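Take a look at the structure below.
Nothing in this text is a laboratory measurement; each read-out follows from the coordinates by a stated rule. Because the structure is a prediction, the values reported are computed rather than measured. As a convention, Cβ positions derive from the backbone with ideal geometry for all residues, glycine included, and neighbour counts pool all protein chains shown.
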Amino acid sequence: MAKSPRKSPRAVKKVPVKPRRKLPAKRPAPVVELVPVERVERSILLIRGQKVILDADLAGLYEVTTKRLNEQVRRNRNRFPPDFMFQLTKEEFAILRSQIATSSSEWGGRRSLPYVFTEHGTIMAANLLNSERAEAVSVTVVRAFIRLREMLASHIDLARKLEELEMRYDSQFQEVFAAIRALMEPPEAHLRERIGF
């Protein structure tokens, strides 16, 4: 058997590698508020001692239907503990309906009790909806909650300072009130001679 001639190894040509072109760094998108913070603040209600937003208002901010928002919430109920979201009672809804003048269920209004979302619930709802609009608006919603919290803190601080002033100046005002009461008392009857008949 004849051996086949062995082929000599070919010389490997080295091809020059072009350096990778650097991509320009992405600039952060300018922050544009899709919804004014004031509009969100008007939607925030105080129910059961918590600041909340109605499901219909939140759906309007996120530009989805209330039905779709509630559908996503029902499918992911485990993501919404009671401190994130709760459903209003009939009495709470009746009071709320009288304040915001919604139509009754007899005339095409809501047929179920609304859900309300706390600050954390609004963020979770935005994550569930998975839309760019919901993500962008959720930032504005959080800013509105923070702004209200700061305003409430300043009012509490103002009330505390006023109470301190009342306590401090109460003793001085008591002296003033005592002087006023003394002036209001009828003068002692002086024995005067009667003039006339």
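Points to keep in mind about this one:
- Backbone HN-Hα couplings from phi across region 121-137 [Karplus 6.51/-1.76/1.60, Hz, Gly and Pro as x]: x, 5, 5, 4, 5, 5, 5, 5, 5, 6, 10, 4, 4, 4, 5, 5, 6
- Amide H contacts of I47 (H built 1.01 Å from N, in plane; Pro and chain starts excluded): V52 sit under 5 Å, all sequence-distant by 5 or more or on other chains.
- A cut-off under 12 angstrom between Cβ atoms defines the neighbours of Q72, and their net charge, with Lys, Arg +1 and Asp, Glu -1, is +4.
- Simple Cβ-charge dipole of region 37-152, Lys/Arg +1 and Asp/Glu -1, about Cα centre, in debye nearest 20: 240 debye
- Each of Q50, P81, V64 was scored by the projection of its Cα onto the charge dipole of region 47-97, and the greatest displacement toward the positive side belongs to P81; charges sit on the C-beta of Lys, Arg, Asp and Glu.
- Karplus-derived 3J(HN,Hα), 6.51/-1.76/1.60, for each residue of region 71-79, Hz, glycine and proline x: 4, 5, 5, 5, 5, 10, 4, 5, 7
- As a proxy for reagent exposure, ranking D57, D157 by other Cβ atoms within 10 Å from fewest up yields D157, D57.
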